[in-house]
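Worksheet: the structure to be examined is printed underneath.
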Amino acid sequence: MTNTNAVETAKTLWHKQRVKRLVRSRLGQGTPCLVFVCETVCTDRDCPGPAIEVRVVDLGLRERRFSIHKPLSGVAAADITAAL
Ligand SMILES: [Zn+2]
């Protein structure tokens with residue numbers, strides 16, 4: 001792994017944690033759930049870039065899933081609020 005790759009990996013991990021925190025704070029800090037965030041290729045032809053997929057699973061295994069059409073680093077609290 002080159003140094004540049006290591007930095008990119010670190011950035012991606014950092015942003016994943018950041019987005020997970022945004023989702024959790026939007027849901028309410030005490031809400032027990034699992035939050036998964038992954039970057040994905042958008043299948044919408046009119047969409048220029050990468051998208052992220054968020055999955056929220058509660059303890060009853062009910063799943064909520066949504067996409068945000070932005071790169072991971074561009075996701076803001078307002079995007080989470082709009083999506084949830
Ligand atoms: Zn898209």
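The values are calculated or read from the model by the stated rules, or taken from the named source; none is laboratory data. Everything numeric in this text was worked out from a predicted model, so none of it was measured. Glycine also receives a Cβ, built like all others from the backbone with ideal geometry; neighbour counts cover every protein chain displayed.
What's the number of the condition V37 fails, among (1) within 16 Å of the ligand (Cβ to nearest atom); (2) out of contact with any helix residue (DSSP H, G or I) (no Cβ under 7 Å at 6 or more places or on another chain)?
(2)
Out of the residues in the range 34-55 that are more than 12 Å from V75 (Cβ to Cβ) and of a type in the set (A, V, I, L, M), which is surrounded by the fewest Cβ atoms within 10 Å (Cβ to Cβ)?
Checked the range 34-55; the qualifying residue surrounded by the fewest Cβ atoms within 10 Å (Cβ to Cβ) is V41.
Taking the range 1-56, which residues are modelled with pLDDT under 90, more than 19 Å from H69 (Cβ to Cβ) and of a type in the set (A, V, I, L, M, F, W, C)?
Once the filter is applied, which keeps residues that are modelled with pLDDT under 90, more than 19 Å from H69 (Cβ to Cβ) and of a type in the set (A, V, I, L, M, F, W, C), the range 1-56 yields only M1.
Can you find even one residue in the range 17-32 that is touching a residue at least 24 places away in the same chain (Cβ under 8 Å), surrounded by 12 or more Cβ atoms within 10 Å (Cβ to Cβ), of a type outside the set (D, E) and assigned to a strand (DSSP E or B)?
no
Check whether at least one residue in the range 50-58 is out of contact with any helix residue (DSSP H, G or I) (no Cβ under 6 Å at 6 or more places or on another chain), part of a strand (DSSP E or B) and either of a type in the set (F, W, Y) or at positive phi (or both), and report yes or no.
Looking for residues that are out of contact with any helix residue (DSSP H, G or I) (no Cβ under 6 Å at 6 or more places or on another chain), part of a strand (DSSP E or B) and either of a type in the set (F, W, Y) or at positive phi (or both), one finds none in the range 50-58, hence no.
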